[in-house]
Every structure is written in C-alpha cells, then in structure tokens.
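Take a look at the structure set out below.
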Amino acid sequence: MQPPTPPPASPGRHALVDRLAERILALAPARLRVAIDGPTAAGKTSLGHELAEHLVRAGRPVLRACLDDFKRPWKDRHRYDRESGEGYYRNAYDYDAVTRLLLEPAAPGGTGRCVLCSIDPLTQKDHSDVVTPAPPDAVLVVDGVFAFRPEIDRHWDFRIWLDIAPELSVRRGAARDASWAGADATALHRHRYLPSMECYESEVRPQRLADVVVDNTDFTRPRVVRESR
C-alpha cells in the first residue's frame, strides 16, 4: 500500500516531528527501528512520512514500512476468525513474517536485506521476494496498530504512541475508508477495529511501553503528554 503523503505541516507539528527526529538520531549511528502505534486513524502513517523526511534531511537513510503489509492472506481467513474485534486483534497480522522479513534484517547486526511488504492487503500479491537493502546507518520507520505486541515489541529501538479518543478514531476511520467500505465503514470501525484496540489496550497497555506519547487529536497542534528519558 502507498498511503498519501501528508500536506505541509503546521509550525507546531513541524516542531514536534523535529523533536522526535532529534531523539531518534541521538540513539545510535547504527541501524535503528522505530515504531509508530496508536488507534486506527490516529495519524500514524502521516507521522511516519513526516518523520522519515526529517531523518533524511539530517543525513540518515530511511526505510518506510507499514504493518498492514504483513497481514495474513485473505485466502486463509476460513481458518480463523478475522471478522470480530477480538479475532482481528489475535489473527489478522503475521508477526512471524514481520520479524523474519523486516525487523531482524533491519537490526544493527542483521543482514540488511529487508522486505518492506509481505502480502499487499489490496491486491493480495505476495511481495516477500522483493528485497530492499538497509545501509548500516539506516533508520526503519514502521507504522501500524498493535506494534507493541509481545511478539515484536523487543525489536524496537524507539516507540511512539499517537493517542486519540475512541469516537474520534471511529469518525476519522469511517471517513477515510468510505471510498471502499461505503455505508459499512462506520460499522466496520465501531464493531471490529474499535473492539480490537480495546483488547490490545487491556492486555498490553501499550502506552506504558512508549518512549513518547503524543495527543494527536488536532493534527495542527499535536501535544506530547508523556516522554521518557
């Protein structure tokens, strides 16, 4: 999937992204793996694009990936529940593929032979044989829900959580997905994606794992609400 590049950032947003980039750049000159997590439609992909641009301007090579490109294929959905909220949370993503194809190769001691997309969620085409080399100083920026799950959490060098209210997630997500989900968009978010996030937050408490928690209610005025040092 190729999500759209966000519009030019406001001064406040530019300052926040610059602040995040500075923290990441200070971690190490070797390869780094950054996760951007949060509710559906919190703005994770947009922030990933913006952060990548800042890091590139600072002189670091950047690879971008999205966890949605590592879901299990739809052809296998008869084998498990992927329709309910809890089923989506437990079964939609292939964490073995994320680890094997992307996160381990992108590690400081990894091979650098990264696969940025396993199964295209729109076309269902398998891209797992397409390798993108990660230079020794590359920063991998990955966005997606459930990024801090125990199956993959240990691989991140820096974690960002974008926070928005549940009802705002439903409204934003339904508006975004209306072009393909039509009249079912609101129900999809309210009855699948929102309950899946409730399962995640109940079991993992992902905000406590984040290095930075950002209130992204207003795209033009994102606000850091917690930051570890």
| query | Please report, for the Cα atoms of the chain, the Rg to one decimal and the Dmax as a whole number; what are they, in angstrom? | reply | 16.8, 48
| query | How big is the charge dipole of the chain about its Cα centre, in debye rounded to the nearest 20, if each Lys and Arg gets +1 on its Cβ and each Asp and Glu gets -1 on its Cβ? | reply | 220
| How far is it, in nm, from the label point at Glu86 to the one at Leu27 when both lie 7 Å from their Cα along the line to the Cβ? | 3.4
| query | Say each of His49 and Val130 gets a label point 7 Å from the Cα, pointing the same way as Cα to Cβ; how far apart are those two points in nm? | reply | 1.8
| With contacts defined as alpha carbon pairs under 8 Å and 6 or more residues apart, what's the relative contact order of the chain in percent? | 29
| Can you give the extra length, in nm with one decimal, that the chain gains between Ala183 and Glu167 once fully stretched, where that is 0.36 nm per residue apart less the Cα-Cα distance? | 4.0 nm
| task | Place +1 on the Cβ of every Lys and Arg and -1 on the Cβ of every Asp and Glu in the stretch 12-227, take the dipole about the Cα centre, and give the residue among Gly173, Pro135, Val56 whose Cα lies farthest towards its positive end. | result | Val56
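How big is the antiparallel share of DSSP beta bridges in the chain, given as a percent to the nearest 5?
Taking every DSSP beta bridge within the chain, about 30 percent pair in antiparallel fashion.
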| field | Two-site FRET efficiency, Lys75 against Glu201, from Cβ-Cβ distance with R₀ of 25 Å, rounded to 0.05 | value | 0.25
| request: Take the Cα atoms of the stretch 4-109, build their convex hull, and give its volume per residue in Å³. | output: 126
| What do the square roots of 5 times the Cα gyration tensor eigenvalues come to for the stretch 112-229, in whole Å, largest first, as semi-axes of the equivalent ellipsoid? | 26, 23, 14
| task | Can you pull a Stokes-Einstein diffusion coefficient for the stretch 79-165 at 10 °C (1.306 mPa s), Rh from Kirkwood over Cα pairs, as a whole number of µm²/s? | result | 110
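Read-outs: derived from the displayed coordinates by stated rules, not from any lab. Note that the structure is predicted; figures quoted are calculated from it, not measured. Neighbour counts run over all protein chains shown; Cβ positions are idealised from the backbone, glycine included.
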